[in-house]
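As structure tokens, the structure follows; a few thoughts come after it.
The values are calculated or read from the model by the stated rules, or taken from the named source; none is laboratory data. These numbers come from a predicted model, not from an experiment. Ligands, DNA and RNA are excluded from the accessible area calculation, which covers all protein heavy atoms including side chains. Shrake-Rupley method; radii C 1.70, N 1.55, O 1.52, S 1.80 Å.
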Amino acid sequence: MAAATTASISLSLHLRPPLPPLRRPPRHAAFLLPTPSLLPQRLRLAPCRPTWRPDVRARAGSSIGVPPALARPGGAVETDRLPSDVRDRAMEAVDHFGGRVTIGDVASRAGLQLAQAERALQALAADTEGFLEVSEDGEVLYVFPKDYRTKLAGKSFRMRVEPLVDKAKEVGAYLVRVSFGTALIASIVLVYTTIIAILSSSSDEDSRGRRRRSYGSTIIIPTDMFWYLDADYYRRRRVEKENGMNFIESVFSFVFGDGDPNDGLEEKRWKMIGQYISSNGGVVTAEEVAPFLDVPPPSEESKDDESFILPVLLRFQGHPEVDEQGNIMYRFPSLQRTASSKSGRSREYVGTKWSAMFGGVEKYLEEKPWKFSKANASEKAMVAGLGGLNLFGVIVLGNLLKQMTVTPGGLISFAAQLYPLLQIYAGSFFAIPLFRWFLLRKTNNDIKKRNKAREQRAQELLSPDSSLRRKLLSARDMAQRKVITPEEIVYTTEKDILEQDYEVKEWERRFKELESE
């Protein structure tokens with residue numbers, strides 16, 4: 001019986017792909033391709049005869065060891081199916097860790113959900129000839145060649161087009177900003193020129209001549225505002241500010257503002273949380289994560305409420321644990337294992353400086369307040385003055401058009417047809433900024449409250465009481481950050497399966513351990 005078992009084991013070793021550790025299966029699935037699994041997790045002692053031989057080079061994304069009928073159709077670029085931000089953040093994380101990463105590395109560094117990080121790594125490896133490594137504990141690592149970005153750019157038409165699309169968007173946004181400012185000048189010129197034409201047409205030639213001389217300066221002023229037609233005036237007015245804004249752009253900025261100053265805040269939030277959890281061995285308390293979330297200020301009522309950590313548990317697949325003192329900790333197994341020691345640091349206890357405790361990570365998430373306009377005071381005063389001049393002219397023009405008894409023609413007729421649009425433009429020029437001003441007051445007040453609450457939570461960690469100190473020290477003691485070294489790799493898809501020299505004694509030892517359990 002023993003001899004038959006030995007023969008069966010020997011036959012399986014020669015004809016089947018090498019087995020991973022049998023105690024713990026890999027934590028993450030292999031590439032989602034229509035291929036038979038090369039990593040069986042159940043020991044089969046019965047003799048078997050394979051119908052195909054896995055003798056091709058095993059690369060991620062290839063039809064390795066697959067019968068011809070199951071060959072994967074070519075031509076598809078898996079990375080093009082990813083959202084651009086997910087792809088870029090995953091690639092930045094891969095570069096940071098030197099091209100050898102776990103799913104937890106990418107999720108923590110990029111702030112991605114574990115499922116997003118896994119999908120991104122699978123797609124990148126499939127398109128760039130990356131390969132897998134499996135450790136003794138069943139951890140799956142993704143390894144990428146140094147030129148993987150070049151290979152991906154050569155395959156992905158989308159990546160080659162995206163820079164052009166982004167440039168076109170920037171040009172379009174700039175044209176919109178400039179056109180709105182130009183419309184103000186055009187409106188002023190049209191309104192006051194029409195007023196002069198109406199006043200001139202209502203008197204005799206002598207009166208018209210006197211009015212021409214009287215209003216000559218008025219005609220020059222709007223024309224002089226076309227600074228972009230006068231090279232010298234352009235050179236005098238074109239003074240670069242810190243934000244590079246010119247007068248024409250400041251008109252748009254005064255009316256509509258300059259966009260969200262906290263654009264990308266959620267991405268930054270999850271990056272900070274992921275990196276903090278990973279750098280602390282994958283075990284944290286709710287109080288440590290609170291400075292990065294939208295939490296109420298510390299109080300007796302909110303002291304025992306830790307519901308705010310639920311989104312963190314869902315994103316990074318964490319779970320609560322209770323220590324011997326009854327304190328609740330939160331463990332994130334996927335963020336406890338890394339392929340690189342680059343993000344490692346010595347364990348720091350509470351009460352130290354933030355710069356040492358967090359290794360460069362900001363102590364809390366701080367939102368930036370909204371600004372009414374990035375234009376300086378003189379530019380805003382000039383824009384408001386021109387807007388007021390335009391509004392006054394529109395009101396005067398409306399009264400003159402009502403008093404006309406003769407059907408207008410030429411320029412006056414053209415201005416009369418555009419008058420409703422001129423009214424809307426002149427009125428909205430001040431209505432929109434006024435509405436924004438009231439809205440920004442409330443928005444900035446809410447931002448100030450959130451920042452203050454986060455800062456107070458962070459201050460609690462700087463000077464913790466005895467109860468919180470014990471809880472934080474317990475979390476540090478439970479931390480288990482594991483760096484997976486190349487020496488721990490027992491299987492890789494980089495080489496031919498038959499080239500991987502696994503010792504028979506090692507397999508026999510594992511089989512004995514399995515039988516003894």
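What does the accessible area of F252 come to, in Å² to the nearest 10, when a probe of 1.4 Å is used?
40 Å²
Would you list L462, L422 from the most to the least accessible area, probe 1.4 Å?
From most exposed to least exposed: L462, L422.
Using protein chains only and a probe of 1.4 angstrom, how many square angstrom of V171 are accessible, to the nearest 10?
70 Å²
Could you work out how far the C-alpha centroid of the range 164-183 sits from that of the range 438-452, in angstrom?
Between the Cα centres of the range 164-183 and the range 438-452 lies a distance of 30 Å.
Cα-Cα over 20 Å: which of K303/K471; K271/K368; K268/K482; K368/K452; K146/K268?
Cα-Cα > 20 Å for K268/K482; K146/K268; rest within.
Take the Cα atoms of the range 103-153, find their three principal axes, and give me the spread along each one in whole Å, biggest first.
Result for the range 103-153: principal-axis Cα extents of 31, 26, 15 Å.
Just the number: Rg to Rh for the range 413-485, Cα atoms, Kirkwood Rh, two decimals.
Values: Rg = 27.9 Å, Rh = 18.1 Å.
Radius of gyration over Kirkwood radius for the range 413-485 works out to 1.54.
Per-residue accessible area for E513 at 1.4 Å probe radius, Å² rounded to 10?
About 60 Å², ignoring ligands and nucleic acids.
Ordering R450, R436, R470, R109 by accessible area with a probe of 1.4 Å, largest first, what comes out?
R470, R450, R109, R436
Apply the a/c threshold of 1.5 to the C-alpha gyration tensor of the range 379-436 and tell me whether it is rounded, prolate or oblate.
Prolate, since a/c reaches 1.5 and a/b exceeds b/c.
Protein chains only, probe 1.4 Å: how do H96, H319 rank by accessible area, largest first?
Values: H96 45, H319 65 Å².
The residues order as H319, H96, largest area first.
Calculate what fraction, in whole %, of the accessible area of the range 70-167 sits on carbon and sulfur atoms when a 1.4 Å probe is rolled over the protein chains. Walk me through the numbers on the way to the answer.
Numbers: 2180 of 3940 Å².
In the range 70-167, the share of accessible area belonging to carbon and sulfur is 55 percent.
If I take the Cα coordinates of the range 293-343 and project them onto the principal axes, what are the three extents in Å, biggest first?
Result for the range 293-343: principal-axis Cα extents of 42, 29, 20 Å.
If Rh is defined by the Kirkwood formula over all Cα pairs and Rg also comes from Cα, what ratio Rg/Rh do you get for the range 128-176?
Taking Rh as the inverse mean 1/r over Cα pairs, Rg/Rh reads 1.32.
Could you list which residues have their amide H under 5 Å from that of K482, counting only those 5 or more apart in sequence or on another chain, with H placed in the peptide plane?
Amide H to amide H, under 5 Å and 5 or more residues apart or across chains, K482 pairs with R337, T338.
Under 5 Å between amide H atoms, partner at least 5 residues away or on a different chain: which partners does M329 have, H built in plane at 1.01 Å?
E321, V322, D323
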